[in-house]
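Taking it in order: structure first as structure tokens, then the write-up.
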Amino acid sequence: MNVALTALTPRESLALEMLIGKLQPDWRCSVVPASAEAALPSADLYVIDLAGKGLSRWSEATQASLLQALDGAPAVLIASAFDQTWAALDASGKKGDSLVLLRKPYGIEDMRLALKQAAAVRAKRVQPAALPLNPVAPVTPAAVPAPSAADVFANSSWPVPAMPSVEIDQIDPAEFQARLAALPVSEPQLFLRQLGQALALRLPFEVRVSFLNRLIFNPNERWVASNTPISVVHGLCRSDKLAAATSMDAIDEKDVMARAQRLDLQLQPLEVFLWSLMSDRWAPQQVAPRQTS
């Protein structure tokens, strides 16, 4: 299934890519920039921000034009919180079930249900039965659970870095987000904010710095694996231009550890890594280590 994320903000696009990657690893997302004039690319399903696409107000002509552009494909339409005009969509009697209206602000469960409804429409047209959006894996008694971060750190074959000295503290993702809120607007912060937003979703993801340099994050198991020099990561934090050249993509939870090992990435605790980013951006007195008893 090819999903076109159309006219969303970069933050919304990233969040949706990661959500869809979590719910349906076989689906592929393409990001379509906001443009009122540009034609929609070919896709199996669309998620469209109406205001970003220049469709902030409903009319019969607007709806007819949108349906023609979709060419029969289903779509999740995101309307602004204060726009009541698209409420006429359900009363028009012309959309069938192919258009699902979602109003801001919406939650993860709202979007999941909207995607499921739109996908069901697509499934009815191309196959006998719709696939569930989040199928339950069959129970396999002989299945061996994936190794935890503690297991991996204990495995001597994994390239684990030296433990930090006593001068280095740790920052958890929640504290990381709080410190981001204190950043002056005038300072570069694109990479840090994208990283904070991705961590808040609590889904595994990969940051591609270059063709060879990667970072893989697993927020739930609290580790990050990397082959990227920390000086390069600090450079991304200091330059929005450099940060804009990176990409963040969701990873299937079942493959995240194996992928890190295949790429021969070096593992370290997530909290220590976040501390290194904070201590590079703030003066030492602003990121004083927590007192321990």
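Return the FRET efficiency for the residue pair Asn220, Ala51: r is the Cβ-Cβ distance, R0 is 25 Å, and the value is rounded to the nearest 0.05.
0.15
Taking loop as defined by DSSP and a crowding limit of 16 other beta carbons within 10 Å, which chymotrypsin sites (Phe, Trp or Tyr not before Pro) in region 193-236 fit?
Within region 193-236, the qualifying chymotrypsin sites (Phe, Trp or Tyr not before Pro) (loop, at most 16 other Cβ atoms within 10 Å) are Phe211.
Quick one: which residues, 5 or more positions from Leu101 or on another chain, have an amide H under 5 Å from its amide H? H modelled 1.01 Å from N in the peptide plane, none for Pro or chain starts.
The answer is Leu77.
Local charge sum around Asp252 (other residues, Cβ-Cβ under 12 Å, Lys/Arg +1, Asp/Glu -1)?
Local charge sum for Asp252: -2.
Lys and Arg at +1, Asp and Glu at -1: add these up for the other residues within a Cβ distance under 12 Å of Pro204 and post the number.
-1
Filter the cross-link list Lys104/Lys241; Lys116/Lys241; Lys124/Lys254; Lys53/Lys254; Lys53/Lys116 down to pairs whose alpha-carbon distance in this structure exceeds 25 Å.
Those over the limit are Lys104/Lys241; Lys116/Lys241; Lys124/Lys254; Lys53/Lys254.
Convert each backbone phi in region 194-199 into a coupling constant with the Karplus relation 6.51 cos²θ - 1.76 cosθ + 1.60 (shift: θ = phi - 60°), then list the ³J(HN,Hα) values in order as whole Hz, x for Gly and Pro.
4, 5, x, 5, 5, 5
Based on the alpha-carbon gyration tensor of region 2-126 and its eigenvalue square roots a ≥ b ≥ c, which shape applies: rounded if a/c is under 1.5, prolate if not and a/b is larger than b/c, or oblate?
rounded
Just subtract the alpha-carbon distance of Thr9 and Asp240 from 0.36 nm times their residue separation and send over the number in nm, one decimal.
The span from Thr9 to Asp240 would gain 81.5 nm if fully extended.
Using r as the Cβ-Cβ distance of Arg202 and Gln68, and R0 as 41 Å, what FRET efficiency do you calculate, to the nearest 0.05?
With R0 = 41 Å, the Cβ-Cβ based efficiency is 0.55.
Values in this text are rule-based calculations from the coordinates and carry no lab data. Worth saying up front: this structure is predicted, and the values here are computed from it rather than measured. Glycine gets a Cβ as well: all are built from the backbone with ideal geometry, and neighbour counts include every protein chain shown.
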